[in-house]
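Working notes, structure below.
No value in this document is a laboratory result; all are computed from the given coordinates. All values reported here derive from a predicted model rather than from experimental measurement. Quick reminder, even Gly has a Cβ in these numbers, built from the backbone with ideal geometry, and neighbours come from all protein chains shown.
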Amino acid sequence: MLKLPGLIDVHTHLRTPGGEHKEDFASGTAAALAGGITLILAMPNTNPPLATLSVLEATRQQAQRSIYCDVGLFAGASPALVDQLPQLTNHAVALKIYLNETFGPLRVEDLPTLLACCRHWPTTKVIALHAEGPNVAVGIGLAAAFQRPIHFCHISRKDEIELIAAAKRQGLPVTCEVTPHHLFLTQADVPRLGPLADMRPRLAEQADQAALWEHLDSTIDCIATDHAPHTLAEKAAATPPPGVPGLETSLPLLLTAVKEKRLSLGRLIMLMRTNPKRIFNLPDQPDTYIEVDPEASYTLDNADLQTKCGWTPFAGMTVKGRVMRVVLRGQPVYDAGRPGQENKILAPAGTGRLLP
Ligand code: DOR
Ligand code: ZN
Ligand code: ZN
């Protein structure tokens with residue numbers, strides 16, 4: 001058995017409030033534990049979004065009652081609500097700005113709002129961007145002009161990662177994450193998966209994927225799941241919402257890559273624990289670890305999942321490496337191997353801590 005630190009996912013969608021039929025704090029944090037993740041940062045593109053003090057406070061109360069692992073919330077930027085930003089800083093770990101079209105109501109496309117965000121959000125806390133294509137250059141411009149940390153979510157294209165590498169060479173305070181789906185899937189998987197392969201950013205070409213793997217040891221700071229659950233019925237509809245779940249499949253996929261010598265175990269821990277903790281200034285979790293069976297070979301199966309959406313685009317894929325146990329602050333909270341026991345979650349709801 002391999003003992004590893006509890007992993008951190010800096011990009012999870014938990015859907016409370018307004019999308020609890022897709023996921024809620026209980027099901028989402030149970031899925032995190034099943035994936036070896038003990039701390040997640042939840043995104044603000046809920047309905048209503050986490051962009052006002054009243055919604056943030058009500059959501060925090062919901063969360064504290066329900067969570068099985070530690071959770072921090074992102075506040076969301078929106079042009080109409082930007083004057084509320086100073087009130088949100090104490091209740092959120094970081095600020096998220098959506099520069100491109102994606103799921104949910106949050107979008108910022110005007111310069112005054114971007115400037116207000118950079119001026120009013122404390123420089124001790126990260127601003128994370130959903131930025132695709134040329135908008136990556138916009139984010140680099142903000143980091144340079146304001147000398148403040150900017151984190152790029154789910155970078156997926158060769159040009160984008162090369163631009164970020166250049167910005168880093170200039171010493172700019174930028175960081176970035178990539179997702180497992182962009183590391184393990186490409187446009188070539190779209191005919192097979194249909195709407196189950198639709199997300200933002202969209203799956204890329206093989207050359208883009210190769211560039212991500214090349215930069216995994218250098219430019220890329222984090223691997224984040226962008227766990228974005230939608231129901232199978234919603235995915236089968238005429239205009240399916242973009243997004244795929246990922247909390248429970250990320251570590252098995254990456255451990256398989258470690259087995260195949262595409263990634264070292266040390267680098268995996270940097271990408272999913274050390275760097276996320278440093279970049280987002282997250283607290284220690286003493287006596288918190290996961291136990292993994294690195295030799296367990298199995299086929300990913302929708303029926304095994306904790307996520308409420310009940311599917312994964314990786315179903316049918318054979319992986320090597322299974323999360324067996326999770327211990328949070330000395331308390332066993334997940335056990336995959338208890339004979340005759342259906343329920344693998346050992347912790348009562350509310351065991352997780354809400355940050356900050
Ligand atoms: O595919 C995506 N789904 N990309 C996003 O940026 C949002 C996410 C969601 O919330 O479903
Ligand atoms: Zn996004
Ligand atoms: Zn996302």
Separation of alpha-carbon centers, segment 181-229 and segment 1-79, rounded to whole Å: 22 Å
Shape category assigned to segment 175-221 from the gyration tensor of Cα positions, a/c cut at 1.5: prolate
Amide H contacts under 5 Å for Tyr98, placed H, 5+ residues apart: Ala77, Val108, His130
Over the chain: helical MRE at 222 nm, DSSP H runs n ≥ 4 each giving -39500 (n - 2.57), nearest 500: -8000 deg cm²/dmol
Share antiparallel - DSSP beta bridges, the chain, percent rounded to 5: 40 percent
Residue of Arg273, Arg329, Arg169 that the Gaussian network model of the chain assigns the largest fluctuation, springs spanning Cα pairs under 10 Å: Arg169
Segment 163-202 - charge dipole about Cα centre, Lys and Arg +1 at Cβ, Asp and Glu -1, debye rounded to 20: 140 debye
Neighbour-count order for Asp217, Asp70, fewest beta carbons within 10 angstrom listed first: Asp217, Asp70
Tensor-based shape of the chain (alpha-carbon gyration tensor, a/c under 1.5 rounded, otherwise prolate or oblate): rounded
Gap separating the Cα centres of segment 256-324 and segment 99-147, nearest whole Å: 30 Å
Of Glu342, Glu109, Glu177, the one that fluctuates the most in a GNM where the chain has Cα springs shorter than 10 Å: Glu342
Reachable lysines from Lys261, criterion Cα separation under 21 angstrom, eight or more residues apart if same chain: Lys3, Lys320
Approximate spin-label separation Leu115-Met1, in nm, with each point projected 7 Å along Cα-to-Cβ: 5.8 nm
Kyte-Doolittle at least 0.0, axis length at least 30 Å by Cα - qualifying DSSP helices, the chain: none
Against the rule of thumb 2.2 N^0.38 Å, how large the Cα Rg of segment 132-177 comes out: 0.99
Loop sites in segment 253-324: GluC sites (Glu not before Pro), DSSP, at most 12 other Cβ within 10 Å: Glu260
For segment 56-200, size of Cβ-based charge dipole, Lys and Arg +1, Asp and Glu -1, in debye: 320 debye
Whichever lysines have a C-alpha closer than 26 Å to that of Lys235, once near sequence neighbours (fewer than 8 apart) are set aside: Lys22, Lys96, Lys308
Three-way shape label, segment 252-356, alpha-carbon gyration tensor, a/c 1.5: oblate
Convex hull volume of segment 183-254 per residue (C-alpha atoms, cubic angstrom): 94 Å³
Fluctuation leader among Gly139, Gly310, Gly171 - the chain, Gaussian network, Cα springs under 10 angstrom: Gly171
